[in-house]
Amino acid sequence: MNGFVYFHGDETEKEFLQKCLNQWDTLSENDAMFKLGALFSEIRHRVAELEANDDR
């Protein structure tokens, strides 16, 4: 990993989100982290589907 993105707490929402993306870019260089991210993305997608079905 190349490093860590530091959050100071005084970022605007846009700055915070950009730092989150930068942190992800740093972490996703590691294949295991990329796979873990894909897993959680699929979990989020499935939860959204289940919630949509509950609303019917």
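Where residues in segment 2-56 are small (Gly, Ala, Ser) and at pLDDT 85 or above, which of them is nearest to the chain's Cα centre (by Cα)?
Start the filter on segment 2-56 by keeping residues that are small (Gly, Ala, Ser), which leaves 3, 9, 28, 32, 37-38, 41, 48, 52.
Within this subset, residues satisfying the condition of being at pLDDT 85 or above are 9, 41, 48, 52.
Details: 9: 18, 41: 8, 48: 16, 52: 22 Å.
Once the filter is applied, the top-ranked residue is 41.
If you check residue 10 against the conditions, is it out of contact with any Lys or Arg (no Cβ under 8 Å at 6 or more places or on another chain) and not in a helix (DSSP H, G or I)? Before you say what the answer is, go through the steps one by one.
Working: out of contact with any Lys or Arg (no Cβ under 8 Å at 6 or more places or on another chain): yes; not in a helix (DSSP H, G or I): yes.
Yes, satisfied.
The values are calculated or read from the model by the stated rules, or taken from the named source; none is laboratory data. Quick caveat, the model's predicted, so the values are computed rather than measured. Backbone-built Cβ (ideal geometry, glycine too); neighbour counts: all protein chains shown.
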